[in-house]
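Written out below as structure tokens is the structure these notes cover.
The values are calculated or read from the model by the stated rules, or taken from the named source; none is laboratory data. Being a predicted model, the structure only gives us computed values, none of them experimental. Cβ placement follows ideal geometry from the backbone for every residue including glycine, while neighbour counts extend to all protein chains displayed. Surface accessibility is based on the protein's heavy atoms, side chains included, excluding ligands, DNA and RNA. Shrake-Rupley method; radii C 1.70, N 1.55, O 1.52, S 1.80 Å.
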Amino acid sequence: MLTPLDIENKRFSKTIKGYNVEEVDDFLDELTVEYEKLYKENAEFKTQIEQSKKDLEHYRSVEHTLQNTLVMAQTTAEDIKNMAHKQADQIIRDAQGEARRSIDELNKEEFDVKRRLEDVKRQFDVYKAKMEALLISQLELLQDKNENE
């Protein structure tokens, strides 16, 4: 690729019927200025493209990292959710077991209360029978005493 310096330093051979040297030099000077502007612009664009490529690679790397982080976050969220379900199930099982134990204990207490109530009823029946027997014997004594008098 020609550089602006190559254009500026280019010399042509002179001939008798050739171009006017001054016009050619002026034109080459003008061409050199324009070409130099384009050359610098092109160099700037190449620099910008290289920087854009670096930025793009950086952003791709960031995107990849973010995607991995998102996947990890989703996995962690699923793990936490599953763990919470397991803990909830365990709490329910524990509560059901505790409820069964409480019911069993209450049933035992109810059985004990019913047994004691039956014992008290039996004792009352025995007491009642003894009292009836006592009253009957007292009544017979009174009747015997009345008859003897």
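Cross-link partners for LYS54 among the lysines, with Cα-Cα distance under 18 Å and sequence neighbours closer than 8 places in the same chain left out: LYS46. With the charge dipole of segment 109-149 set up from +1 on Lys and Arg Cβ and -1 on Asp and Glu Cβ about the Cα centre, the Cα lying farthest toward the positive end among the listed residues GLN123, GLN138, PHE111 is that of PHE111.
Rounded to the nearest 10 degrees, the inclination of helix 21-148 to the longest alpha-carbon principal axis of the chain is 0 degrees.
Using a probe of 1.4 angstrom and keeping all protein chains present, the accessible surface of segment 16-129 works out to 93 square angstrom per residue. Rounded to the nearest 20 debye, what is the charge dipole size of the chain about its Cα centre when +1 sits on each Lys and Arg Cβ and -1 on each Asp and Glu Cβ? Dipole about the Cα centre, nearest 20: 620 debye.
The Cβ shell under 13 Å around LEU139 holds other residues with a net charge of -3, Lys and Arg each +1, Asp and Glu each -1.
For Rg/Rh (Cα atoms, Kirkwood Rh), computed directly from the structure shown, the correct entry in [x] 1.03; [y] 1.19; [z] 2.05 is [z]. Got a sec? Charge dipole of the chain, +1 on Cβ for Lys and Arg, -1 for Asp and Glu; which of HIS64, GLN48, GLY18 is way out at the positive end? Farthest towards the positive end: HIS64. Here is the list for segment 1-97: trypsin sites (Lys or Arg not before Pro) lying in DSSP coil, each with at most 14 other C-beta atoms within 10 angstrom of its C-beta, are LYS10, ARG11, LYS14, LYS17.
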